[in-house]
Structures are given as C-alpha cells and as structure tokens.
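Everything below concerns the one structure shown next.
The values are calculated or read from the model by the stated rules, or taken from the named source; none is laboratory data. Small disclaimer: the values here were computed from a predicted structure and weren't measured. Glycine also receives a Cβ, built like all others from the backbone with ideal geometry; neighbour counts cover every protein chain displayed. Surface accessibility is based on the protein's heavy atoms, side chains included, excluding ligands, DNA and RNA. Shrake-Rupley method; radii C 1.70, N 1.55, O 1.52, S 1.80 Å.
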Amino acid sequence: QVQLVESGGGLVPAGGSLRLSCAASGSTLSFSHMGWYRQYPGTQRELVASIGRDGTTNYADSVKGRFTISRDNAKNTLFLEMNSLQIEDTAVYYCSAVSYTTLNQYWGQGTQVTVSS
C-alpha cells in the first residue's frame, strides 16, 4: 500500500515562503506523475503543479513563477517550494502520485497552508 505523508505547512505572512515535502513509502520512480493539489473549503481539489517521471513540470497559471515542484528520487520525496505567497494561496495542500503500472492515484492526508495579511 502506497503511503504519502506531507509536511511543511503552516502560517506565513503574505510575501513569505514555505517548502512542502511529501515522503513516499515506495520508490518515487514507481510513479508516472506526482503532483500537488490544493483545496479551498467547499470546493474540489485543483492541480497546483505536477512533475513527470522524466522531470517535465506543469503549473497552474496562478502559481507560475512563484512555485517550484521537484522530486528527489533517491530520497523518495516530492517538494513544493512556494515563494511570494499570497492570501489566495491559503488552502489545504495534498500530495498525489499515480502508479506507473496500475495508474492508481494515491493521496496524502493534506497539510494546511495559511497566508496572513
């Protein structure tokens, strides 16, 4: 069973930075895609950024130039570097991974990011 455990969320003033981490129980090379999603209260999760097995990245327009996704396959960890944080970035952030072989999508438990004015 794949387990994804996020960490690094918290309270930060607008303009500040946070780095989210997602530790996977298995090798990150077993995943075709990994990504970060966020969810506002009462809404569906939306994609923030994703990274393919080959390192190809994709970002939501709202975070381009501010967020950077990366993966360390040696440490089986996914990261999201968030800079110039805005109040609108306040949400619960979830790590996700898609199995390369089964295409099952797995989720972490989520970590709260709160940006204050």
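Overview of results
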item: In the range 86-115, residue farthest from ARG66 (Cα to Cα) [restricted to those that are open to solvent by 80 Å² or more (accessible area, probe 1.4 Å) and in a strand (DSSP E or B)]; result: GLN105
item: Selected residue (only one of ILE51, ILE87 is touching a Lys or Arg at 6+ places or on another chain (Cβ under 7 Å) and at negative phi); result: ILE51
item: Answer from VAL98, VAL92 - the residue that is under 14 Å from the mean Cα position of the chain (by Cα), among the aliphatic types (A, V, I, L, M) and modelled with pLDDT of 95 or more; result: VAL92
item: Looking only at the range 64-76, and only at residues there that are in contact with a strand residue (DSSP E or B) (Cβ under 9 Å, 6 or more places away or on another chain) and modelled with pLDDT under 95, the one that is nearest to THR114 (Cα to Cα); result: ARG71
item: Pick from the range 34-43, criterion in contact with a Phe, Trp or Tyr (Cβ under 9 Å, 6 or more places away or on another chain) and farther than 22 Å from THR102 by Cα, ranking: most open to solvent (accessible area, probe 1.4 Å); result: GLN39
item: Residue in the range 42-52 that is at pLDDT 95 or above and more than 22 Å from GLY10 (Cα to Cα) present; result: yes
item: Residue satisfying condition, being modelled with pLDDT of 95 or more, surrounded by 13 or more Cβ atoms within 10 Å (Cβ to Cβ) and over 12 Å from VAL113 (Cα atoms), within set PHE79, PHE31; result: PHE79
item: Unique match (being among the aliphatic types (A, V, I, L, M), open to solvent by less than 30 Å² (accessible area, probe 1.4 Å) and touching a residue at least 60 places away in the same chain (Cβ under 8 Å)) among ALA14, ALA49, ALA60, ALA24; result: ALA24
